[in-house]
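The values are calculated or read from the model by the stated rules, or taken from the named source; none is laboratory data. Bear in mind that the values here come from a model prediction, so they are computed numbers and not experimental data. Here the Cβ is made from the backbone with ideal geometry for all residues, glycine too, and neighbour counts use every protein chain on show.
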Amino acid sequence: MTFYERAFRYIWRKKSKSILLLLCFLITSTMVLCATMILQTAQETNHSIQEKTGTKLVLENQQGKNSIDAETVSSIMELPFVTKVNRIASNIAYPATFSPVIMKNGTDVLNLAVTLHAYDDTETDGLFAQERYRLLAGNPITENQNGILINSILAEVNQLNIGSQITFETETGKKATGEIIGIFFSGMERKQEDTIAAAYRIENQIFVDYGLFKTLYGASGFSALSVYTDDPEKLNELYRQTDLLIDDTINMTTSDTLYRQMQAPLKQVIRITSLMLILIVTTAIIVISLLLCMWTRTRKKETAVLISLGVSKLNLLLQAMTESLSLFLLSGFGSTAISVLFTEQLMKKLFGTSDFASLTHVHLEGQHLLTLLILGGFIVLIAVGTSIFPTLRANPRDTLSRMEG
């Protein structure tokens, strides 16, 4: 009779012991699978946070001048860990096909002008990102969407709509025309004093893509840069590398507060889950080893007889391994269904905040089952080896003599 035939017959003969061991394996497998799924989801969420929290360096000219040249920008973009650079510039322009909102009397140059703000992306930086300006209609300026954003009051005064073409002119006579793609509102327009020059009024702040701005002013430089990275852990290193490329007129700050705020509870979840996994495996080894040790004592005579009949000790070890592994594999089917059901609810409790809700996607994967098989095999190997080693080591004749006596 082969070792696996003896193993399955023993499982069937000792139903009560087999059921108890099956329940132990079911509890252990469920806890291991849940912990593994939570741990991997937390790690994946941490990676998503790194990519989506907008960790960046902010470089600004201290006088607000467009003094950051294109060569510096190119050098920064070539640095490791840099994923995107949002260029920002501003200057005064004169409306050629529309009129600014003027509340102050006088023909001063600034009272006849508007202020152009050039952005590569208005969604990620500036007043729109800070929600001080809100788009009422249309689309923001992005890397894939060029155009002009104007204030709703300026649009109303000049009867401008999305799709309208407007033209700007500089003091040197250069002109550039662009299409309105968005209309925004601040809410502070009516609270301004009438003594403010037109160029500084909120109604006359106009956002344009950098292509239009460059047509008017050439490659005149930038007043600010937002340098993004998808690896917040490398932000300090990026800071040091960037600092070597700029002069004292540029003020540089880091912006990773959101990442730190979201990462703190996530790291705690990872640490706790890792500790739980270690405790689960350790406890399972101890409990299952004790159970198998007690049951192995009742099989000493059976083992001694089999050895006396010529069955090898390796064969008996394989039988014991087969018994436990069969019950463990059977428990794996039940633990898979239980883990999916309970882990869904547990993840909602752990990551129920709005910040994490869009980032966490818990689901059972093949690597979770592979981890369960590896850890389960490790538990079975240690527990079975610990319980059966003293019996296999003993002399069969001595064992039978004690049993008869």
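Here are a few things to note about the model shown:
- Among the residues making up region 166-201, those that are of a type in the set (S, T, Y) and surrounded by fewer than 14 Cβ atoms within 10 Å (Cβ to Cβ) are T172, T177, T195.
- Test for V384: is it touching a Phe, Trp or Tyr at 6+ places or on another chain (Cβ under 9 Å), modelled with pLDDT of 80 or more and either part of a helix (DSSP H, G or I) or outside the structural domain of T282 (by TED's automatic domain parsing) (or both): no
- Only one of the numbered conditions (1) assigned to a strand (DSSP E or B); (2) among the aliphatic types (A, V, I, L, M); (3) over 30 Å from F128 (Cβ atoms) is not met by M37, and that is (1).
- Residue list for region 110-146, filter: in a loop (DSSP other than H, G, I, E, B) and surrounded by 14 or more Cβ atoms within 10 Å (Cβ to Cβ): A113, D120, D121, T122, E123, T124, D125, Y133, N139, P140, I141, N146
- Subset of region 83-109 [modelled with pLDDT of 90 or more and not in a loop (DSSP other than H, G, I, E, B)]: V85, N86, R87, I88, A89, S90, N91, I92, A93, Y94, P95
- Test for A42: is it modelled with pLDDT under 85 and either among the aliphatic types (A, V, I, L, M) or not assigned by TED's automatic domain parsing to the domain that holds T296 (or both): yes
- Filtering region 221-233 to residues that are surrounded by fewer than 16 Cβ atoms within 10 Å (Cβ to Cβ) and either more than 22 Å from T83 (Cβ to Cβ) or among the basic types (K, R) (or both) leaves nothing.
- Listing of helices (runs of 4 or more DSSP H) fully contained in region 147-264 that carry 3 or more residues being under 28 Å from A137 (Cα atoms): 152-158, 210-217
- Counting only residues that are farther than 13 Å from A155 by Cα and in contact (Cβ under 8 Å) with a residue 24 or more places away in the chain, region 96-108 holds 5 of them.
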